[in-house]
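Read the figures in this text as sums done on the coordinates, not as results from a lab. As the structure is a computational prediction, the values presented were derived from the model and not from experiment. Here the Cβ positions follow ideal geometry from the backbone for every residue, glycine too, while neighbour counts run over all protein chains shown.
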Ligand code: ATP
C-alpha cells in the first residue's frame with residue numbers, strides 16, 4: 001500500500017508503557033498502525049523494539065496504556081486468540097518435517113482435510129516463489145533464503161490479518177537480503193495484509209516500508225514515511241541513524257550562526273522551527289556537499305583538506321579535514337576530483353539542502 005491516509009487503523013496504541021522491575025523498556029507510546037500498511041519499527045539494540053512487538057503480538061502485556069485491534073481492547077488477549085502471526089528471527093521451523101508439512105502445520109491444527117491442505121500448501125509455495133518440487137524436501141536441506149520463504153508460507157497459512165516480522169533477514173547474506181527485501185515488499189502488496197517489521201537496519205526499513213517508527217531508549221522519536229525520515233529527521237539522533245551525514249553544531253551570532261567546532265559564520269538551515277533557539281545542529285548529507293571552483297559561490301562554505309577517498313562503486317566519498325572535524329563529500333564518479341587536483345578545497349552547501357535539527 002502506498003496511501004495510508006484513507007485507510008483505517010487496525011492496531012492502536014495509547015500511552016503504552018512496559019516496565020521490567022524499575023526499567024522502562026517502552027515509554028508511553030501513542031501510535032496508529034493502518035490496515036494493509038507495511039510498518040517498520042527501527043532502532044538500535046536495546047531501544048525497545050522487541051518489547052513493543054511482543055506486546056503487539058500478545059506475548060507481553062503492557063504495564064500501562066491500551067492496545068486495541070479494530071477498536072477492541074486486546075491488552076491481555078493471548079497470541080493464539082489474535083488474528084496475527086509472528087515470523088521469528090530464528091524462523092522456528094520444525095526441523096524434522098518437510099517443507100510441505102511445515103507449511104501445512106497451521107491447517108492440520110485446524111483439522112483441515114489432507115488433500116485440501118496440500119493444495120493450499122502448493123498455492124502458498126507459489127506465492128512465496130518456492131518450486132512445487134520442494135514440497136517433500138526436508139526443511140533442513142533448504143538454504144537460508146528458502147527457509148525464509150517456508151516460514152513466510154507457513155505464517156500465511158494461518159491467514160492472519162497482521163504478520164509480525166522479528167529481524168527475519170538479519171542472518172542472511174547481503175546479496176540475498178536485497179532480493180528478499182524486494183520479494184517481501186511484493187508479497188506485502190500481493191497479500192494486502194498488514195506487515196509489522198522490526199529491524200535495527202534503517203536501510204532495510206527504507207526499502208520496504210510505507211512508514212517507519214524510529215525508537216530510541218524506549219521512545220518512539222519519529223514516525224514517518226521513508227522520505228520524511230530521510231529528508232526531515234526529527235532530531236540529531238534520527239539524522240545520524242539514517243546514514244553517514246555531516247553534523248555541524250551552530251550557535252546564534254546575531255542574524256547569522258557561528259560554528260561551534262568549525263570556523264566561520266553560516267546562514268541558518270531550514271526548518272527554523274525554533275526561531276528563538278540559541279543553538280542548533282545542521283545535518284548535511286554528503287551527496288549535498290560539493291567542492292567549490294574558484295570564484296564559485298554557495299550559501300555556506302568551509303575550507304579543508306582532502307585526506308582520503310573511497311570508491312562506493314558509482315560514487316566516490318571524500319573525507320575532508322576541516323580543523324579538527326572530518327566532513328564527508330560524495331560525488332558521482334563522473335564528477336570525481338582530478339587525481340592531480342589541489343587537495344586544499346573549499347566545501348560548499350546551500351541552505352535548502354541542509355536540515356536544522358534539535359540536539
Ligand atoms: P535488540 O535489537 O538488541 O533485540 P530491542 O530494541 O529489541 O533490542 P528490547 O529487547 O525490547 O530491545 O529491550 C529493551 C530493554 O528492555 C533492554 O534494556 C532490555 O534489557 C530490557 N528487557 C527486555 N526484555 C526484558 C525482560 N524480560 N526482563 C527484563 N528486562 C528486559
*Given the rule -39500 (n - 2.57) for each run of at least 4 DSSP H residues, summed and divided by the residues of the chain, what is its mean residue ellipticity at 222 nm, to the nearest 500 deg cm²/dmol?*
-7000 deg cm²/dmol
*Which order, highest average first, do 144-152, 312-320 follow once you tally other Cβ atoms within 10 Å for each residue and take the mean per peptide?*
144-152, 312-320
_Relative compactness, the chain, computed as alpha-carbon Rg over 2.2 N^0.38 Å_ = 1.19
*So in the chain, what percent of DSSP beta bridges are antiparallel if you round to the nearest 5?*
75 percent
_Relative packing of 238-244, 342-348, which averages over residues the other C-beta atoms within 10 Å, highest first_ = 238-244, 342-348
*Fluctuation leader among 87, 260, 162 - the chain, Gaussian network, Cα springs under 10 angstrom*: 260
*What's the angle, to the nearest 10 degrees (0 to 90), between helix 114-127's Cα axis and the longest principal axis of the chain?*
20 degrees
*Percent antiparallel among DSSP beta bridges with both residues in region 139-238, to the nearest 5?*
50 percent
